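> Quick one: the structure is below, questions incoming.
Here, each number is a calculation from the coordinates, and none is a lab measurement. Here the structure is a predicted model, which means the values were calculated and not measured. Note that we place each Cβ from the backbone using ideal geometry, even for glycine, and neighbour counts take in every protein chain shown.
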Amino acid sequence: MEKFDIIIIGGGPGGYVAAIKAAQLEKKVLVVEKAELGGICLNWGCIPTKSLLKNAEVLETIKNARKFGINIPEYTVDWSKVIKRSRDTSKRLSKGVEYLLKKNKITHINARAILKNTNTVEAQMDDGEIKLYSATNIIIATGARAKWFPGMEPDGKNIITSKEAMVLEKKPTSMAIIGAGAIGVEFAHFFNQFGTKVDIIEGMPHILPIEDEDISKELERIFKKRKIKMHLNSMVDSIENGKTSATVILKNGDRIEAEKVLVAVGVRGNIENIGLEESGIKFENGWIKTNGNMQTSNPQVYAIGDVAGPPWLAHVASAEGITAVEHICGEDPVEMTYNNVPGCTYCHPEVASIGLTEKAAVNEGYKIKIGKFPFRALGKSMASGDTDGFVKIILDSKYGEILGCHIIGAEATNLITEIGVARKLESTWLEVLQTIHPHPTLSEAVMEATADAMGESIHI
């Protein structure tokens, strides 16, 4: 039986980052991954969807070219190439992860892994061969998969998950999307841009229900303008599956027929049949329980990423992987906290947030100051022709602490990092305001929103 210092089950953004970090700390590492390196994020999530969304962005630019004095009277869409570009991007990046593992002298095998005990992993190869490996510590990074509720089971044809939505052979004429979180909203934007009639069904009062309400309302306004129909406060009763379409039946009796029904109601952890019980590892509501160092109830076994519960974000999985490895190696890492994690949605306009929403800040008892700055008042936005959205910042009125920031607009997912750094450094509104922001840039909107909260904005 070959021995390692650390065995990592899963090669997604948590697993492969943890492996590289462990190798850097001179540990002998084995990564066991049953599918492609990079996990769901790289192969079937974050990366391929962003590739598709870039295609949608290019198409939107072409549609609006006349605004820039450029006439494109005719254009065609090659759907097969749209899909192929996305898949090619994922394949290249997966090969890149493979190269990084080799570069760092990390052993990688394609197999299904099962914990046999605290220190032993059974690897089941595709050809039926079984091998045993041992390690001082094991990190579980098995990720998550799409979930659904009774009555909306996908068949991979008319009723699909995000995985099937990324590789459709032809563009559907209509699509009903159940769930208006980040996945549902991104696909709604993508298919709408390519001419698909889109209905979004959401049980909460707003799309992107975890975001600040002002942000959700602004995106609803934009989606309505683009003819995306939103059914809010609407619960699904069942789905009738036909030969070439499916019909979503709502609890209020409404029926929504579409060529494709996309189920995007969240994810569930991959905890089944990996030997948790045999290793004394506790789990609850489908997620492995961990402490701040990502240790499970068995202190020699760690769990990171989606399988360890929310927030289900690739950058969180990577951070958890580094924390777990540093703890194993005696590096005394800062325990994981989740109050400064940026959330990102890559529709157009983009949505990004960090910290508390206005409602959450009030509920926690803060007396707050709120600042807003619209992108339409920004020189860079007007020059680029992308003026939808705004920056909203929430401050503690007593100490000037930055409680939260919420952005809807172009490059929102990049702009949010400034506030993440500011909060990490425990900066106040004053440090942000006194930082000279380059002109003309979109980042000026962050500065101006901060100034607005204090009644000092120059340009509104």
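> Test of the criteria: in segment 1-58, which GluC sites (Glu not before Pro) are in a DSSP loop and have at most 10 other Cβ atoms within 10 angstrom of their Cβ?
Details: sites: Glu2, Glu26, Glu33, Glu36, Glu57; in loops: Glu26, Glu36.
Sparse-neighbourhood loop GluC sites (Glu not before Pro): Glu26.
> Something else about it: What net charge is computed for the residues neighbouring Ser381, neighbours being all others with C-beta under 14 Å from the C-beta of Ser381, Lys and Arg scored +1, Asp and Glu -1? Don't skip to the answer; put the middle values down first.
Values: positive: Lys67, Arg376, Lys380; negative: Glu350, Asp386, Asp388, Glu411, Glu444, Glu448.
Net of charged neighbours comes to -3.
> Counting just the Cα atoms, what span does the chain cover along each of its three principal axes? Round to the nearest Å and put the largest first.
Ordered largest first, the chain gives principal extents of 67, 61, 44 Å.
> Residues with beta-carbon under 12 Å from that of Ser443, excluding Ser443: net charge, scoring Lys, Arg +1 and Asp, Glu -1? Present the calculation step by step, with values, prior to reporting the outcome.
Numbers: positive: Lys380; negative: Glu411, Glu418, Glu444, Glu448.
Once all neighbours under 12 Å are counted, the net charge is -3.
> Still on this structure, please answer the following. With a ≥ b ≥ c the root eigenvalues of the C-alpha gyration tensor of segment 302-420, is it rounded (a/c under 1.5), prolate (a/b larger than b/c) or oblate? Please report the intermediate quantities before stating the final value.
Details: a/c = 2.63, a/b = 1.56, b/c = 1.68.
Judged from the Cα gyration tensor, segment 302-420 comes out oblate (a/c at least 1.5, b/c at or above a/b).
> Taking Cα centroids, how far is segment 200-224 from segment 165-188 in Å?
Rounded to whole Å, the Cα centres lie 17 Å apart.
> State the cysteines of the chain left without a partner when partners are defined as other cysteines whose beta carbon lies under 4.7 Å away.
Cys329, Cys344, Cys347, Cys405
> Of Lys131/Lys289; Lys21/Lys81; Lys63/Lys359; Lys251/Lys372, which pairs sit farther than 31 Å apart, going by alpha carbon to alpha carbon?
Working: Lys131/Lys289 28 Å; Lys21/Lys81 37 Å; Lys63/Lys359 38 Å; Lys251/Lys372 38 Å.
Too far apart for the 31 Å limit: Lys21/Lys81; Lys63/Lys359; Lys251/Lys372.
> What 222 nm value per residue comes from the helices of the chain, counting each DSSP H run with n ≥ 4 as -39,500 (n - 2.57) and dividing by all residues, nearest 500 deg cm²/dmol?
-9500 deg cm²/dmol
> Over all alpha-carbon pairs in segment 368-434, figure out the percentage whose distance exceeds 20 Å.
Looking at segment 368-434, the distances longer than 20 Å represent 31 percent of pairs.
> Using the Cα gyration tensor of segment 159-265, with a ≥ b ≥ c the square roots of its eigenvalues, what is the shape: rounded (a/c below 1.5), prolate (a/b larger than b/c) or oblate (neither)? Before the final figure, lay out the partial values.
On the way: a/c = 1.78, a/b = 1.27, b/c = 1.41.
Judged from the Cα gyration tensor, segment 159-265 comes out oblate (a/c at least 1.5, b/c at or above a/b).
> If packing is taken as the mean number of other Cβ atoms within 10 Å per residue, what is the order of 261-270, 64-73, highest first? Don't skip to the answer; put the middle values down first.
Numbers: 261-270: 22.4, 64-73: 9.5.
In descending order of packing, they fall as 261-270, 64-73.
> Quick check: residue separation of Lys424 and Glu278 times 0.36 nm, minus the Cα distance between them. What number comes out in nm?
Details: separation 146, 0.36 × 146 = 52.56 nm, distance 3.97 nm.
Length difference between fully extended and current span is 48.6 nm.
> Continuing with this model, one more query. So what is the relative contact order of the chain, in percent, for Cα pairs below 8 Å that sit 6 or more residues apart? Don't skip to the end; give the middle numbers.
Working: 972 pairs, mean separation 64.8, N = 460.
Worked out over the chain, it gives 14 percent.
> Follow-up. Relative contact order for segment 273-425: what percent, with Cα pairs under 8 Å and sequence separation of 6 or more?
It rounds to 17 percent for segment 273-425.
> Pick out, in residue order, every one of the GluC sites (Glu not before Pro) in segment 108-167 that is DSSP loop and has at most 14 other C-beta atoms within 10 Å; say none if there are none.
Values: sites: Glu122, Glu129, Glu164; in loops: Glu129.
Here the GluC sites (Glu not before Pro) that fit, given the DSSP loop and packing criteria, are Glu129.
> What net charge is computed for the residues neighbouring Lys398, neighbours being all others with C-beta under 12 Å from the C-beta of Lys398, Lys and Arg scored +1, Asp and Glu -1?
Surrounding charge for Lys398 is 0.
> Along the charge dipole of the chain, Cβ charges K/R +1 and D/E -1, which of Gln434, Met294, Gly96 sits furthest on the positive end?
Gly96
> What's the Cα-based Rg to Rh of segment 96-252, Rh via Kirkwood?
On the way: Rg = 21.3 Å, Rh = 19.1 Å.
Value, to two decimals: 1.11.
> Okay, next question. Note down the magnitude of the dipole of the chain about its Cα centre, charges +1 on Lys and Arg C-beta and -1 on Asp and Glu C-beta and zero elsewhere, to the nearest 20 debye.
Numbers: 54 positive and 58 negative charges, 257 e Å.
Taking the Cα centre of the chain as origin, the dipole is about 1240 debye.
> Shifting gears a bit: Give me the percent relative contact order of segment 349-453, please, defined on Cα pairs under 8 angstrom at least 6 residues apart.
On the way: 211 pairs, mean separation 36.5, N = 105.
Computed over segment 349-453, the figure is 35 percent.
> Going by how many other Cβ atoms sit within 10 Å of their own, how do Leu53, Leu115 line up, fewest first?
Numbers: Leu53 20, Leu115 23.
Placing the least packed residue first, the sequence is Leu53, Leu115.
> On to the next question. Where in segment 221-265 does the label zone of Tyr75 land, with the point 7 angstrom along Cα→C-beta and an amide N cut-off under 18 Å?
226
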